[in-house]
Amino acid sequence: ALTDPRRRGEIPKELQTCLTRDVKPCHVSTEHTALETTGRDRPGLMSEISAALYELRCHVTAAVAWTHNARVACIIHIEDGLMRGPIMASKKLAQVHEKLESVVEAHHESGERWSVRLTAPAVGRTHTERRLHQLMYADRDYKQCQGCDGSCRQWNGCTNTHVTIEACREKGYLVVNIRCRDRTKLLFDTVCALTDMQYVVFHAAISSKGTMADQEYFIRRQDGCSSNTQSEREKLAQCLIAAIERRESHGLRLDICTQNKMGLLSDVTRVFRENGLSITRVEIGTQGERATGTFHVTDASGHEADLRTVELVRQEIGGSVLRVYRSPNGTSRASSSSISRNSSGEVEERAKFSLGNLLWSQLERFSENFGFIKS
């Protein structure tokens with residue numbers, strides 16, 4: 001992707017080896033116990049969960065979390081910190097489950113939905129991002145999702161998401177048109193939403209121009225039912241908007257590469273919490289003695305974090321924070337900037353342009369990955 005800073009020669013050579021060995025948790029080996037959590041998001045939640053796992057002597061080998069519409073979906077792969085293997089003892093699994101339930105329900109509200117699930121190791125791999133879509137859809141994070149109406153669809157300055165759904169009665173299709181900001185994995189996220197709602201794509205046309213992308217799908221229900229009420233269309237539009245929004249990055253992005261150790265995730269998230277930073281997205285993995293990951297953070301109110309606060313966090317965590325990125329104007333998510341230190345020790349900020357794409361090269365992987373997940 002053009003957004004990858006490794007291709008711009010901005011990271012020292014001695015660190016590039018670390019990043020090229022980055023463990024991207026999109027395909028996580030299921031040799032470890034998987035913890036899945038969904039529910040209402042709140043500041044410090046990831047810190048509380050990782051601290052509880054450390055207290056129970058569970059070692060985090062990979063973690064991915066998304067937040068959207070005040071909801072959170074999190075998948076954490078853990079192993080026994082003493083035995084260095086999957087947690088097999090039913091007593092230990094029950095202990096972990098009970099502890100985590102008490103953590104996520106600590107600020108429980110009446111009628112609040114929470115789900116904590118531990119799964120034993122399985123054969124093969126699971127596509128974690130695919131599973132995150134399923135978890136957030138099941139948690140109904142699409143509620144209240146509203147895109148722009150059709151009145152501004154032709155306005156070039158509008159970068160919000162537009163979804164229109166019409167019936168093609170001659171062929172029995174629903175015709176879905178989507179216009180939104182272009183980015184990586186946009187096609188993947190859209191197809192995930194259609195699949196989760198039991199729709200089959202018969203024809204599709206995809207194009208992108210500048211920073212915007214257009215998608216058109218001719219779909220039918222998987223069960224062959226031709227019913228398409230107004231409420232069904234509204235729900236489909238909401239789910240498509242949610243699937244597009246879930247991956248959008250909010251706040252500053254911190255890339256970390258450091259020595260792998262027991263309780264690392266707990267230490268890093270504790271520093272964020274103590275400095276008033278809230279995590280909106282996480283992707284971290286380990287390989288041998290190294291741990292690499294990406295954190296997106298905001299302040300406790302959801303606004304962009306102050307750079308001085310982030311610099312204090314960088315100093316407390318140490319040299320493991322490789323780079324910090326942010327949108328130069330605080331609203332554009334297609335651009336980013338990097339923060340580094342010059343020879344005098346002052347923080348520098350350099351803006352750079354990035355452009356997403358629809359990753360046609362990933363189409364072959366889509367057909368493979370969708371087979372690994374069972375709803």
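The figures follow:
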read-out: Solvent-accessible heavy-atom area per residue, rounded to whole Å², over segment 162-246 at 1.4 Å; value: 45 Å²
read-out: Separation of the Leu82 and Arg40 label points, Cα + 7 Å toward Cβ, nm; value: 3.7 nm
read-out: Positive-end residue of Cys239, Val201, Ile178, charge dipole of segment 162-246 with Cβ unit charges; value: Ile178
read-out: Rounded Å value of the spacing that divides the Cα centres of segment 54-111 and segment 228-299; value: 16 Å
read-out: Percent carbon-and-sulfur accessible area, segment 162-246, ignoring ligands, DNA and RNA, probe 1.4 Å; value: 47 percent
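The values are calculated or read from the model by the stated rules, or taken from the named source; none is laboratory data. Here the structure is a predicted model, which is why all the values come from computation and not from measurement. In this analysis, Cβ positions are derived from the backbone assuming ideal geometry, glycine residues included, and neighbour counts consider all displayed protein chains. Keep in mind that these areas ignore ligands, DNA and RNA; they rest on the heavy atoms of the full protein, side chains included. Shrake-Rupley method; radii C 1.70, N 1.55, O 1.52, S 1.80 Å.
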